[in-house]
Amino acid sequence: MRGLVMILMAIDHASQTWNAGRVNADSAYLLDLATGAPAWIPGTELDLAQFLTRWITHLCAPTFLFLSGTSLAMSLEKRRARGDSPAALDRHLLIRGLVLLGFEGLLSLLANQGVLILQVLFAIATSMLAMIVLRRLPTKALLALGLGWLVASELVLTTLFPIPAASAAGAAASAANAAATPGLLAHLFFVPGYAAPVYVLYPMTHWLAMMLLGWALGRHLLERRSDLSGQLQTEKILLLAGMTGLLLAAFLRRANVYGNMGLLRDDASLVQWLHMSKYPPALVYSLLELGLMALFLVYFLRRERTQGRPPWRWNPLLVFGQTALFFYIVHFIVLGGSALALTGGMMQRGLPEAFAAAGATLVLLYPVCLGYRALKRRHPNSILQYL
């Protein structure tokens, strides 16, 4: 599952580096750094091909955070079973979180924009740091906390931090909105935006909620029966959760009021039904993407259960999924470097070139990731365990 979203992510980042027509208007909160205009102005037409190229990649971030929670629950239990103390587990989480924050800073430095951009690595890192404390709570409490925040976050945010774009006139935000801009702490935890010199796209609390849901699945996998009945139980839970998420998302999107984080439908077209707030994630966005992820997991689990043998170890989905952080860092460098070298700048071409760049990057990095996976397995207790 993680390998699938790594491939989708490569498409999005290829578009970010190669595609001049890229659509990135997934927020009613974000304002343009240069003009102060809202990132999304209601009534703006969305190109279907550009929009769908962006939309298919929305699955990535929720899946990253959810599966990080799942793998975290399982890996920490494995470490505890082999004798690691609670302090050692906390130290492991601390180091992993700090390493991820370091790589986030490195990518911002390489982008050379004079701004510290906090994206998905920041969300994963800070959520891991929060788990140093939260992991001591009962699983049911963490599940309730995650679900509760996903449901209530819009009420909290719109009460404390009114949506700037909602009252923007034309292409510019009003002076009153500019004066009410949240501070750095608010951006780090609650609302996306800019507070010099930091530009936060992934405020931590929303993504931590998804990690908590993934943690609950990880604990379920550890505690379930290992026979066929246990496997079927997991598939049924995920199928029910996935279908429920999709139905609730459709209901909320049709109602077009609460749950959309201010990014409402302009009309009944497909594009408008799918145009949801990612920054920060609206309830309807979280339900849709986590629901789709759950159904994909059902498919992969059933496929693995019925094929009667372990997955082919050379499968690209498996290879990219098992080298996720390494692939994430290197593919940014390859895509950005190739765009600069071959086109003279960022976002100088169109969608065909962006898809070609994504495909070429995947082909190029496949053997590199194979080599890295082999190296990491030869040295399981080295610093590579954090990468």
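Below is a table of values for the structure above.
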{"quantity": "Per-peptide average of other Cβ atoms within 10 Å, ordering 92-100, 16-24, 227-235, 286-294 highest first", "calculated": "286-294, 16-24, 92-100, 227-235"}
{"quantity": "Viscosity 0.890 mPa s, temperature 25 °C, Stokes-Einstein D of the chain from Kirkwood C-alpha radius, µm²/s", "calculated": "112"}
{"quantity": "Lys/Arg +1, Asp/Glu -1 at C-beta; the chain dipole; positive extreme among T158, G262, A87", "calculated": "A87"}
{"quantity": "For the chain, share of DSSP beta bridges that run antiparallel, in % to the nearest 5", "calculated": "50"}
{"quantity": "Principal-axis tilt of helix 351-378 within the chain, Cα atoms, nearest 10 degrees", "calculated": "30"}
{"quantity": "Using alpha-carbon coordinates, inclination of helix 2-18 to the longest axis of the chain, degrees", "calculated": "30"}
{"quantity": "Over the range 11-106: Kirkwood hydrodynamic radius from C-alpha pairwise inverse distances, Å", "calculated": "17.0"}
{"quantity": "Qualifying aspartates and glutamates (Cα of each under 13 Å from Cα of K278; at least 8 residues distant if same chain)", "calculated": "D26, E154, E289"}
{"quantity": "Angle between the chain longest axis and helix 86-111 axis [Cα atoms, degrees, rounded to 10]", "calculated": "40"}
{"quantity": "Relative contact order computed over the chain (Cα-Cα under 8 Å; 6+ residues apart), in percent", "calculated": "29"}
{"quantity": "Peptides ranked, highest mean first, by Cβ atoms within 10 Å: ranges 352-358, 73-79, 202-208", "calculated": "202-208, 352-358, 73-79"}
{"quantity": "Sparsely packed chymotrypsin sites (Phe, Trp or Tyr not before Pro) within the range 261-325, loop by DSSP, other Cβ within 10 Å at most 16", "calculated": "W312, W314"}
{"quantity": "For the chain, calculated [θ]222 nm from helices alone, where every DSSP H run of n ≥ 4 adds -39500 (n - 2.57)", "calculated": "-22000 deg cm²/dmol"}
{"quantity": "Proximal lysines relative to K78, as straight alpha-carbon distance under 22 Å, when same-chain residues fewer than 8 apart are discounted", "calculated": "K140, K376"}
{"quantity": "About the Cα centre, charge dipole magnitude for the chain (Lys/Arg +1, Asp/Glu -1 at Cβ), debye", "calculated": "1720"}
{"quantity": "The range 240-387: mean projected area of Cα convex hull, nm²", "calculated": "12.8"}
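None of the figures in this text is laboratory data; all of them are computed from the coordinates on show. The model shown is predicted, which means the values in this text are computed figures rather than measured ones. Here Cβ is always computed from backbone atoms with ideal geometry, including for glycine, and neighbour counts include all displayed protein chains.
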